[in-house]
1. Exceeding 28 Å between C-alpha atoms, which entries from my cross-link table qualify? They are A:228/A:293; A:374/A:395; A:228/B:147; A:248/A:395; A:248/A:356.
2. Just in the range A:151-221: which trypsin sites (Lys or Arg not before Pro) are loop by DSSP and have at most 15 other Cβ atoms within 10 Å?
3. Let me know the charge dipole size of the range B:111-254 about its Cα centre in debye, to the nearest 20, where only the beta-carbon of Lys, Arg (+1) and Asp, Glu (-1) is charged.
4. No solvent, one uniform scatterer per C-alpha: report log10 I(q)/I(0) for chain B via the Debye equation at q = 0.14 1/Å, two decimals.
5. Taking the Cα centre of each part, how many Å lie between the range B:1-47 and the range B:283-315?
6. Choose one of A:296, A:14, A:271: the residue whose Cα lies farthest towards the positive end of the charge dipole of chain A (beta-carbon charges +1 Lys, Arg; -1 Asp, Glu; about the Cα centre).
7. What is the diffusion coefficient of the range A:148-220 in µm²/s, taking the Kirkwood radius over Cα pairs and the Stokes-Einstein relation at 4 °C with a viscosity of 1.567 mPa s?
8. Computed FRET efficiency, Cβ-Cβ of residue A:387 and residue A:282, R0 41 Å: what is it to the nearest 0.05?
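Read the figures in this text as sums done on the coordinates, not as results from a lab. Not measured: the values here are computed from a predicted model. Here the Cβ is made from the backbone with ideal geometry for all residues, glycine too, and neighbour counts use every protein chain on show.
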Amino acid sequence: MGDSHAYDVLVVGGGATGAGVLRDLARRGLRTLLIERDDFGTGTTGRYHGLLHSGGRYVAKDALAARECIAENRILRRIAPASIEDTGGYFVATPDDPDDYVDGFQAACAAADVDCEEIPVADAFRAEPALNPRIRRVFRLPDGSVEPWQLIESNVADARAHGSDAWTYQRLVGMERDGGRIVSATLRDERSGSVTRITPRFVVSCAGAWSGQIAAMVDVTVTMHPGKGTMLIFNQRMTDTVVNRCHKSSDGDIMVPVHTVAILGTTEQRVEDPDRYEITRDEVAALIREGEKLFPDLGRMRLLRAYAGVRPLYQPPAEVTAAAMKDGRQISRAHTVIDHDAMDGVENFVTIVGGKLTTFRRMAEDTVDLVCAKLGVTEPCTTADAILPNQVPGKTYWLGHRLAEHEAEGGGDADLLCECEFVTRPMLDDFLDRHPGCSIDDVRRGTRIGMGPCQGGFCTFRAAGLVGERARRVGAADVAESADRAILGFLRERFKGTRPIAAGRQLQEQWMISGVYEGGLGVRSLIEHETPEASREVVDVHR
Amino acid sequence: MSTADVVVIGAGLAGLTAAIRVAESGARVHVLAKGHAATHWGPGGIDVAGIPAASTPRDGIRRLAGEPGHPYAFLGDDVAAALEWIRPHLAAGGVEYLGDLDTPLGLVPTSIGGTRRAAILPAGQAAALAPWAVGERLIICGIRGFKDFWPEAIAASLARERIWEGGNRPTSVTAVSVVLPGLAPRHNLNALTIAGRFDDPAWRATAIEAIARAVGSVPGSGGRVALPAVLGIREHAAILAALQKRLPAAPFEMPLVPPSVPGIRLYTALRAAVIRAGGRVQIGEMIERVEHDGRRVTAVVSAAAVRTYTVRTGALVLATGGIAGGGLVAERDGRLLEPLLGLTVEAPPADDWLLVDAFDPAGHPLELAGIRTDAELRPVAADGASLFDNVRVAGSLLAGQRYVRDRCGDGVALTSGWRAARSLTAVPAGHAAEPGSERP
Ligand SMILES: Cc1cc2nc3c(=O)[nH]c(=O)nc-3n(C[C@H](O)[C@H](O)[C@H](O)COP(=O)(O)OP(=O)(O)OC[C@H]3O[C@@H](n4cnc5c(N)ncnc54)[C@H](O)[C@@H]3O)c2cc1C
Ligand SMILES: Cc1cc2nc3c(=O)[nH]c(=O)nc-3n(C[C@H](O)[C@H](O)[C@H](O)COP(=O)(O)OP(=O)(O)OC[C@H]3O[C@@H](n4cnc5c(N)ncnc54)[C@H](O)[C@@H]3O)c2cc1C
């Protein structure tokens, strides 16, 4: 931890938004500290659908959001190509989609400046043979998929290069207010329990669905409407192109190819507490029923797991209507920068809520413009022009990149630890070198180990072995404990994702893996006899 | 089209045991399986009742037999007979099993640095079981470049008292790694590749020397050496004997993640016994349909890509395993089906299948799901009425057992397979033998 705690700005929340705000503040010369209660990207940013929006999903209902999406889509392709796979997107008209929506779609795109081209249906079927043959019309838009963790890392790296800091596992537990000013903030180290007090000049809350909790620390009300969305991961890329239904956005109407898998989403359901929600079997069944309108064979494909995230939906108090309460989709996806000076009389506090991952940079720019105005800083925003660190201009991600890089270095046997995602031992070693003290979950997010079709059944155990070997080499005291945590944590997490979808081949696979670990490997003997570590969120089957 | 007296569906411990015994009675037996079984995934021992409360397998059987609906309630008395019957068959196939129902259950160290309860083990693993003497050391010997066995991590874990439930354990645990000839520059070594190399006598002579040097480099004397379970397939007994002779400490194998080499040896020995007794084993036959005429099964049909294959039969042993084997199939709507005969599946409602924590000590209710039978292993309906006269159910498909958690799956599979065969081949007074009676 840095010795000087003299920061201009404290940013709370290490999701995409917080990382973007940190970067922008740092580039404008403000010494900033970002804190995140867990690892980066463990909030909504790590549990989202993975779509780089073209804006097509919003053209009819929320033209402002659509316009922002396409503008940021173009910028992100330029500044963060390695985090993006340029899959392209289809908006397809199935027999269930209303003609008037389909007929007006191109005009609506044009009005919002979203590139849209109608292509012959036969071309789409040739490119994506798994599509429903009854699809009548297809439009092509510049959708993509975007990897959140690498994106956050790049933003943080840029901020660090500009003299700012970012700390993980630091939870904001309180702020002290003296009249109209926040005078200090108290952080708790979530691993050691130690407490730090800092005295920033300004506080920006980027806590997403948790923003209400942060504001409440200084007696300010920010009413969030956390909206849970559930997604299903399939064990194969049945499509290489993002596929959307061409209709008013709804449940189960979009499939996003992400690395070696494809993800169907989403749903929308109000939840009271963003840390506690459940996934029901009915919800899973309904998603599949809708998804079958895009890919008729979906019901027969193997599901790997279900997961959910909570949207940071917000509406200014006056506009909260009964209708919006009923259907979360009617709240604008466009973001709101809340100036707590004007609203609540706290002069050095701003909250940024709403938005999308796609627009995180723009959200940051709007927020930092306001902060700078208040602090008398006149530096302009440069985040749209400067390419992020660890990114090569024009080089977007593609599925075969790891294999290609390996081949370029001479190929041959690769010392693969994770066959599904092509993670080699040197890659894992390198990650561990760069992230001392990281958890196996951090490893998973950082390398994608265990995220492919076997869902960590084999590679987790290898990753744990390597972690143990390295810890032993440096004489660490808790070698065995960290390996235990790796194995148990991973198996628990895997099980949790399987539970709401327990059926067919995925249940069979789950049974085999638990048979291996519990039978021959005696995994239960590793469990310390105490209550399992309370998990951050409860994703659970309704009972 | 072909014809058999008895068709066995499933090539796991249950199905192959049944097949050996049926074949030895002189009947024509035909084993059909879509693929390999739990043998290839499991540790290759014969777990009869490895529950924490039990002192010996016999004690464990008694305790499990007292639980409501456990198959040991009607199979328990036959476990000893089935075990003693199978032992020479396995030995003839090159795998000797040590231990019996009165061997104390002990904690055996595993390749993730944990322990599991066992009493009956193949000779290659048996050295792990004896009580540890004061001062006795354990050396974990890994193979450089092999990614399914991490000696440092295993040793660090096994050095902890709690892994041994606070009881008897080695005094020290040390890790070493050995470079085996020709393997070092190769990556992606898997257990089967290495086992294959061990079967080669010239290669293994050098390998054993290398292992002996690595083990010899650890200060101290005596104790035991844990090696990954890769010590050959065909030549395993010879390899084990050579290592026992050459090493300063007693060697034993630690089972690994699949494919399980000890399990493959077990499967190979069982299969060989079926064939020696005159039976047939065909892997790669996915049975899609079983035909029956009222209460009697008449034929099984497999639908391969290019042809359908029908075997007419006088009787059927259904040993298709549980959820892992494919004998039970869970539908998305929450039904649990036995897909071949549509037998009544005893199962909790879908919302109660799985508990929240993967490792909840209570065990998931779904583990108990399966087919109910009468004491002759004939499947019964919910009201207890038997459904088919010439069908027997064996193995993990039987309801009422937590085969992994309670470590009773092998005992149930072995004994039910053995009993199913007896039931089908016994000649009740005044009747023709059941299989023969249907010979077309
Ligand atoms: C189901 C679903 C699908 C989505 N799909 C897409 C999509 O395809 N494309 C797209 O562009 N957008 C999508 N979104 C929207 C997008 O994911 C979010 O808008 C975006 O990730 C929000 O990022 P954030 O940084 O604002 O919030 P978060 O990522 O939630 O970050 C907030 C952080 O604050 C931290 N925090 C909370 N309390 C404290 C505290 N006291 N101290 C310290 N830290 C704290 C949390 O741990 C968290 O990491 C989706 C959202 C959902 C729910
Ligand atoms: C990974 C794993 C580890 C285990 N570890 C242990 C342990 O440590 N201790 C323990 O006591 N028990 C363990 N068990 C339980 C194990 O299932 C039993 O011990 C026993 O081996 C089961 O044998 P079985 O013959 O009943 O079934 P299985 O071994 O499951 O065999 C089923 C057979 O049926 C075939 N089959 C299924 N459907 C069809 C069809 N339609 N057509 C053709 N063939 C079909 C399969 O291909 C397979 O050959 C484990 C199980 C698994 C899956």
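1. Correct reply: A:374/A:395; A:228/B:147; A:248/A:395.
2. A:191
3. Magnitude of the dipole: close to 80 debye.
4. Relative scattering, expressed as log10 I(q)/I(0), comes to -1.26.
5. Cα centres, the range B:1-47 to the range B:283-315: 15 Å.
6. Going by the charge dipole, the pick is A:296.
7. The diffusion coefficient I find is 94 µm²/s.
8. Calculated value: 0.35.
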